[in-house]
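Let me give you the structure first, and then I'll get to my questions.
The values are calculated or read from the model by the stated rules, or taken from the named source; none is laboratory data. Fair warning: this is a prediction, and the values are worked out from it, not measured in the lab. A quick note on method: Cβ atoms are made from the backbone with ideal geometry, for glycine too, and the neighbour counts reach across all protein chains shown. Side chains are part of the model used for accessible areas, which takes the heavy atoms of the whole protein and leaves out ligands, DNA and RNA. Shrake-Rupley method; radii C 1.70, N 1.55, O 1.52, S 1.80 Å.
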Amino acid sequence: MAAPLSTFRRLAWILSVLGFFSVLAAAQAQAATLRAVLNSGLRALDPIVNTSVVTNVHAMMIYDQLLGQDAQGEIRPQMASWTVSDGGRTYRFTLREGLKFHDGSPVTSEDCIASIKRWGQVDTMGQVLMKMVAGMHASDDHTFEITLTQPNDLILEALAKTGSRPAAIMPRRLAETPPNQAVAENIGSGPFRMVMSDFQPGVRAVYVRNKDYVPRAEPLSGSAGGKQ
């Protein structure tokens, strides 16, 4: 019974996030400002520490992920493309051009590795994955490798999932925060930037379009493709 339940929960999370992106896409065509009331007030902002639905929606606004899932559930490149070698044991990720954090700094391989390590300490799928990770190292600022002890594609599913505790990429200086402690700043590289001066916990959260965001060229599909 465990496997079907896990599948159902993952599907429910996927549908909730896909539905949210559909609302954003529809609103974009109608108005410059979208006002929404979610299932509860936003109080916790770190998706690694808190697993609530509203925190997850917040995370999908300001953070981006290395991989995405399209509307059919297929895993696609998002921040990075990948190649597989060594009989399925080595995954090489290459970051796409133009990735910047909201503070203006470029997204680097070291930021990605630090974010994966923090996420992997507490996320259920991440913990399973990290037990099979033999090593992670940056080849340069735009490419890094994850070597596994045995061939598997769990790594792709884990990094692309949009449910509880997504593998959100944040600056290394923040990703080095212990996973049981909320990050001091909420800086991602996603399509929206949070206006912290307007944040009233549980009452009001304001986001503005990230003008530096360079979306993928493909059409938006689920959490994959171009987030215009």
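Can you pull out the trypsin sites (Lys or Arg not before Pro) in the stretch 135-219 that DSSP calls coil and that have at most 13 other Cβ atoms within 10 Å?
Details: sites: 161, 172, 173, 193, 204, 209, 211, 216; in loops: 161, 211, 216.
When the trypsin sites (Lys or Arg not before Pro) of the stretch 135-219 are filtered for loop state and at most 13 Cβ neighbours within 10 Å, 211 remain.
Dipole of the chain, Cα-centred, from +1 at each Lys and Arg C-beta and -1 at each Asp and Glu C-beta, to the nearest 20 debye?
560 debye
Using only the alpha carbons of the stretch 139-179, what is the convex hull's orientation-averaged projected area in square nanometres?
4.2 nm²
Follow-up question, since we're still on this one. Mean-square fluctuation check for the chain, GNM, Cα pairs under 10 Å: which of 108, 55, 149 is largest?
149
So, one more: How many lysine pairs does the chain hold where the Cα atoms are under 22 Å apart and the two sit 8 or more places apart or on different chains?
Here the count comes out as 9.
A further question on this structure: Report the far tail of the P(r) of the stretch 158-219, meaning the percent of Cα-Cα pairs longer than 16 Å.
62 percent
May I pose another question? Could you work out which residue, out of 39, 180, 210, moves most in a Gaussian network model of the chain, that is, has the largest mean-square fluctuation with Cα springs under 10 Å?
Most flexible of the set in this elastic network: 39.
Let me ask something else. If you average over every viewing direction, what projected area does the convex hull of the Cα atoms of the chain give, in nm²?
In nm², the orientation-averaged hull projection of the chain is 12.4.
Oh, and also: Within the chain, which DSSP H helices have Cα atoms that stretch 30 Å or more along the helix axis and a mean Kyte-Doolittle hydropathy of at least -0.5?
2-30
Which of 168, 217, 138 moves the most in a Gaussian network model of the chain with Cα springs under 10 Å?
In this elastic network of the chain, the residue with the biggest mean-square fluctuation among 168, 217, 138 is 217.
With charges only on Cβ, +1 for K and R and -1 for D and E, what is the dipole size of the stretch 97-169 about its Cα centre, in debye, rounded to 20?
380 debye
Along the positive direction of the dipole of the chain (beta-carbon charges: Lys, Arg +1; Asp, Glu -1; about the Cα centre), which of 120, 201, 223 reaches farthest?
201
Using only C-alpha atoms and all pairs of different ones, pull out the Kirkwood radius for the stretch 95-190 in Å with one decimal.
Its Kirkwood hydrodynamic radius stands at 13.8 Å.
Tell me the carbon and sulfur percent of the accessible area for the chain, rounded to whole percent, probe radius 1.4 Å.
53 percent
If you stretched the chain out fully between residue 37 and residue 105, how much longer would it get, using 0.36 nm times the residue separation minus the C-alpha to C-alpha distance?
Length gained, residue 37 through residue 105: 21.3 nm.
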